[in-house]
Amino acid sequence: MDFELTDDQKSIQRAVAELAGTFDDEYWAERDEKHEFPWDFYKAFADAGWIGITTPEEFGGTGLGILEASLLLEEVAASGAGMNGASSMHLSIFGMHPVIKHGSDELKQSTLPRIVDGSLHVCFGVTEPNAGLDTTRITTYAKRNGGGDYVVNGRKVWISKALESEKVLLLTRTTKLEDVDKKTDGMTLFLTDLDRDKVDIRPIPKMGRKAVDSNELFIDGLEVPEEHRVGEEGKGFKYILDGLNPERILVAVEALGLGRAALRRAVAYGNERVVFGRQIGANQGIQFPLADALARLDAATLMVRKAAWLYDQGLPCAREANMAKYLCADAGFQAADRAVQVHGGMGYASEYHVERYFREARLTRIAPISQEMILNYLGEHVLGLPRSY
Amino acid sequence: MKICVLVKEVPDAAVQKRIDPSTGRMDRNGEKNLNPYDTHAIEAAMQIREGGAVEVDEIVAVTMGPSTAIRALHKAVSLGADRSVHLSDDALAGSDVAATGYALAQTLKRESPDLVLLGQQSDDGECYTIGAVVADHLQMPSLTQVIQMDVEAGPPTQLRCERQAEYGYDTVQVELPAVISVGDAINEPRYPSLKAIMGAKKKPLDALAIGDVDIAADRVGESGSKVICGDFKAPPAKSAGEIIEDEDTNETVEKIVAWLDERKLI
């Protein structure tokens, strides 16, 4: 058994850490406070070719696997960029997977090279106010307009980066739920223009990750040409499913990275802060929780590396990808929480950055799937217990 | 024009440096990286190429070091070098600056460079001298601490360099071939692109032993080195600073001023 990363993978880690390290915590605190998308950070990564890390070489990318992509996003998060940094590029890294796998040549040629060079931003339009994880209940509807094209009406929610996006990867129903034999049938995926005249984008005020917007989308009569359809009509749900495990893996490493950033700051503070005549890190009450956080982060790392490796080998990985997201999100959040605690009152001050990490780490226990839904999956599909919801 | 850039693998900046008591040499276990000062030399070579004043046919990264040093060469190539040369031989272990300079010069003779660039110092040994030793063996002019470099196409091709000295700045004209060690103020090195990182292993790498470049075995390694580390000591621990509690700001300012005055700092 070989746990070592390859030289190339280590080079990726180091290069990302070096580049991400040029954007310090003050940069991220300011972007977060001002709700500003980190354009210069994004550009630096796009210019150096990182956005195309998993995109096939024929479209200008590097064609590497989810393991390499996970190393990239982990290092980005661990630099202190956290979810603000990772979310700025997350969807471009792997969100286009359904298009790569099922899109027409024309659709791929017209979009993927622009994803790679960073000039095309795409948001992911799946969740709806009345259909979060219960995706089959979406009601956004794409109706044929008499010719081959479609007109879409509906509402989406929690759509990241919509304000910056030129296009949306949009999941719609083309046959109503009541008219399909299988509830997963009748959904169609489009990669189409986010026409501001037909789509009202309203940012949602939220707890953290404020540099990257999350939005409600009100879609009213959006015209979508047939050639913007990804794959076959009615099979959109299946196409989306392909990307769920990689998404869990990538969010898992983002949580890990955040946890490592928080732990780094907590350790530095434990070494530096002197109270009652000694460093606070000399107290077991401070030291043990941090050592425990380290152990949990390292253990979670093993699971997410295994999940990524399985995926890249083309092997089933749903169990591991779900466990990885579950364990990494908990480990990352716990590390961030303890970092706040170690800082005492200062942990609550923005100046020390750990409160920002804490707010962002909380997100990973909810999105893209809640911890509870992962336990449901493991209980039902791995342990063989009755469905509990 | 051919530019050779001397590079070195050093312990990563994040690693605490220590002397191995059993060998008297720096412990080079743990994470390693390309000497950060050398990245400025590679960038300087790239800027000469991109500047267009002269045609640069090739940029070659050259190192002497153990097998792991290949990673430093890969990084050098990912930053822009076209190919690399790795001098590695058990006989070289323990070489001092003079022996290392001789070995590197022998390796460079095989390349016949028009310009040799290197970082002003290595992040581990910090001798600042290897450029001068190499230049002496190659019978080339040598400049150190160069922070600006403009190429004037020849013939003869010349460099107009600005050197950073303690007393100010020297502007120096030098005819090529020459050996130039650059300061870290000369440029801001670029970051390698993902494609360059992934393509680095595909670039040519010449692996050489001392016999390939006519290095006399008795002039290198521990036995060929005249500098012997007799003893080593860790730097003295820094004394704790004096903390002045700010209870009354006027009084605090007076205390700080008095403290500085006492040490003739103001």
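Points worth noting:
- Where strands (runs of 3 or more DSSP E) fall wholly inside region A:86-193, the ranges with 1 or more residues that are under 29 Å from A:LEU71 (Cα atoms) and open to solvent by 50 Å² or more (accessible area, probe 1.4 Å) are A:122-125, A:150-160.
- Residue in region A:319-334 that is of a type in the set (Gly, Ala, Ser), free of Cβ contacts under 8 Å to residues at least 60 places away in the same chain and either open to solvent by 40 Å² or more (accessible area, probe 1.4 Å) or within 22 Å of A:THR54 (Cβ to Cβ) (or both) present: no
- Any pair with Cβ under 7 angstrom, 6 or more apart, that starts in region B:190-218 at a residue that is more than 10 Å from every other protein chain (Cβ to nearest Cβ) and ends at one that is among the basic types (Lys, Arg) and open to solvent by 80 Å² or more (accessible area, probe 1.4 Å): B:VAL213/B:ARG110
- Within region A:44-60, not a single residue is open to solvent by less than 10 Å² (accessible area, probe 1.4 Å), away from chain B (no Cβ under 14 Å) and either under 29 Å from A:PHE358 (Cβ atoms) or assigned to a helix (DSSP H, G or I) (or both).
- Selection within region B:1-22 - in a loop (DSSP other than H, G, I, E, B) and under 28 Å from B:THR157 (Cα atoms): B:MET1, B:VAL7, B:LYS8
- Single condition A:GLN341 does not satisfy, out of (1) open to solvent by less than 70 Å² (accessible area, probe 1.4 Å); (2) polar (S, T, N, Q); (3) closer than 18 Å to A:GLY259 by Cβ: (1)
- Against the criterion of being in a helix (DSSP H, G or I), among the hydroxyl-bearing types (Ser, Thr, Tyr) and within 14 Å of chain B (Cβ to nearest Cβ), A:SER70 does not qualify.
- Of all residues in region A:373-389 being small (Gly, Ala, Ser) and surrounded by fewer than 13 Cβ atoms within 10 Å (Cβ to Cβ), the one that is nearest to A:ALA318 (Cα to Cα): A:GLY384
- Flag if A:ALA15 is within 9 Å of chain B (Cβ to nearest Cβ) and assigned to a helix (DSSP H, G or I): yes
- Looking only at region A:243-261, and only at residues there that are of a type outside the set (A, V, I, L, M) and within 13 Å of the chain's Cα centre (by Cα), the one that is nearest to A:PRO98 (Cα to Cα): A:GLY243
- Among the residues of region B:216-266, those identified as assigned to a loop (DSSP other than H, G, I, E, B), under 25 Å from B:ASP20 (Cα atoms) and either β-branched (Val, Ile, Thr) or open to solvent by 100 Å² or more (accessible area, probe 1.4 Å) (or both) are B:VAL220, B:GLU222, B:SER223, B:LYS226, B:VAL227, B:ILE228, B:ASP231, B:LYS233, B:PRO235, B:PRO236, B:LYS238.
- Candidates A:ASP220, A:ASP200 - the one that is open to solvent by 40 Å² or more (accessible area, probe 1.4 Å) and without any contact (Cβ under 8 Å) to a residue 60 or more places away in the chain: A:ASP200
The values are calculated or read from the model by the stated rules, or taken from the named source; none is laboratory data. This one's a predicted model, so the numbers in the text were calculated from it and none came from an experiment. Note that we place each Cβ from the backbone using ideal geometry, even for glycine, and neighbour counts take in every protein chain shown. SASA here: full protein model, heavy atoms, side chains in, ligands and nucleic acids out. Shrake-Rupley method; radii C 1.70, N 1.55, O 1.52, S 1.80 Å.
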